[in-house]
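Here's the structure, in structure tokens; my notes come after.
The values are calculated or read from the model by the stated rules, or taken from the named source; none is laboratory data. Every value quoted in this text rests on a predicted model; they were computed, and no experiment measured them. Note that each Cβ is placed from the backbone with ideal geometry, even for glycine, and that neighbours are counted across all protein chains shown.
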Amino acid sequence: MTYERWDRLVEWPLAAASVVFLAVYAWLVIGRPGEAGQALALGVTSAVWLVFAIDYVVRLRLVPDRRRWFVRNLHLLALVALPFFRPLYLLRLVALLGALGRVTSTAFRGRVILYVVASTALIVGMGSLAVLDAEQDAPGALITTYGDALWWAMTTVTTVGYGDLYPVTVAGRVLAVFLMLSGVALVGAVTATLASWFVERVQLAREAEKAARAES
């Protein structure tokens with residue numbers, strides 16, 4: 001078994017495990033099940049953790065330079081140690097889209113846009129769930145429903161920040177900082193992509209103009 005073969009083999013199963021974890025977490029936060037439901041959720045999330053732990057150990061055993069791989073893949077360790085980040089594994093599936101498989105400037109730009117859209121959706125979705133989990137039972141909380149949490153996450157990640165809703169707990173404020181930084185990064189990526197597209201359009205127009213002058 002090679003590392004590349006293992007990576008292809010577990011790509012979709014790990015993505016499915018991430019979806020299951022996100023669904024169970026949303027059920028716990030929004031549905032707020034009783035003791036039986038919480039026990040079921042704990043069993044499912046434990047199984048998801050085991051899947052990611054096994055994947056990490058196998059990958060570590062398959063690489064020739066384990067120390068170098070460990071340093072370069074700390075995000076995989078985070079997927080095992082920090083359950084909240086497991087849905088981010090879904091971003092890896094973007095690379096599998098055949099429409100973005102060509103190594104050209106247009107394909108690369110499309111890949112960047114798709115990553116930005118997918119990242120934004122995941123960050124807003126997970127951020128809204130996490131802030132609701134932290135805030136809904138806190139004294140004096142303003143974010144007590146998922147609708148409020150989703151609205152707050154969207155205004156925060158887009159750097160609008162109306163101020164009508166804001167977290168009052170330490171965990172909620174830490175999440176707010178994370179969303180703010182993510183929003184700045186996403187806006188920068190979109191701006192850079194659009195700027196690259198405009199520069200390419202201008203360059204093509206100039207080349208076409210030069211060719212027309214040369215022919216005349």
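Name the residue that is modelled with the highest pLDDT, counting only residues in region 63-78 that are outside any helix (DSSP H, G or I) and either surrounded by 12 or more Cβ atoms within 10 Å (Cβ to Cβ) or of a type in the set (A, V, I, L, M) (or both).
Filtering region 63-78 down to residues outside any helix (DSSP H, G or I) leaves 63-65, 73.
Within this subset, residues satisfying the condition of being either surrounded by 12 or more Cβ atoms within 10 Å (Cβ to Cβ) or of a type in the set (A, V, I, L, M) (or both) are 63, 73.
Values: 63: 92, 73: 87.
Taking the candidates together, the pick is 63.
Say whether the condition of being in contact (Cβ under 8 Å) with a residue 24 or more places away in the chain and not in a helix (DSSP H, G or I) is met by at least one residue in region 144-165.
Taking region 144-165 as the starting set, the residues that turn out to be in contact (Cβ under 8 Å) with a residue 24 or more places away in the chain are 146, 150, 152-154, 156-159.
Narrowing further to those that are not in a helix (DSSP H, G or I): 158-159.
There is at least one residue in region 144-165 that is in contact (Cβ under 8 Å) with a residue 24 or more places away in the chain and not in a helix (DSSP H, G or I).
Restricting the search to region 129-160, which residues are under 24 Å from residue 188 (Cα atoms) and either exposed (fewer than 14 other Cβ atoms within 10 Å of the Cβ) or of a type in the set (Phe, Trp, Tyr) (or both)?
Matches in region 129-160: 151, 152, 159, 160.
The conditions are (1) touching a Lys or Arg at 6+ places or on another chain (Cβ under 6 Å); (2) of a type in the set (Phe, Trp, Tyr); (3) over 21 Å from residue 126 (Cβ atoms), and residue 21 fails exactly one of them. Which is it?
The failed condition is (3).
Could you say which residue among 55, 65 is free of Cβ contacts under 8 Å to residues at least 12 places away in the same chain and of a type in the set (Asp, Glu)?
The conditions single out 65.
Conditions (1) of a type outside the set (A, V, I, L, M, F, W, C); (2) modelled with pLDDT under 90; (3) outside the structural domain of residue 193 (by TED's automatic domain parsing), marked per residue:
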{"position": "16", "(1), (2), (3)": "no, yes, yes"}
{"position": "47", "(1), (2), (3)": "no, no, yes"}
{"position": "61", "(1), (2), (3)": "yes, no, yes"}
{"position": "80", "(1), (2), (3)": "no, yes, yes"}
{"position": "87", "(1), (2), (3)": "yes, yes, yes"}
{"position": "115", "(1), (2), (3)": "yes, yes, no"}
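For region 1-23, enumerate the residues that are in contact (Cβ under 8 Å) with a residue 24 or more places away in the chain and within 26 Å of residue 147 (Cβ to Cβ).
18, 19, 20, 21, 22
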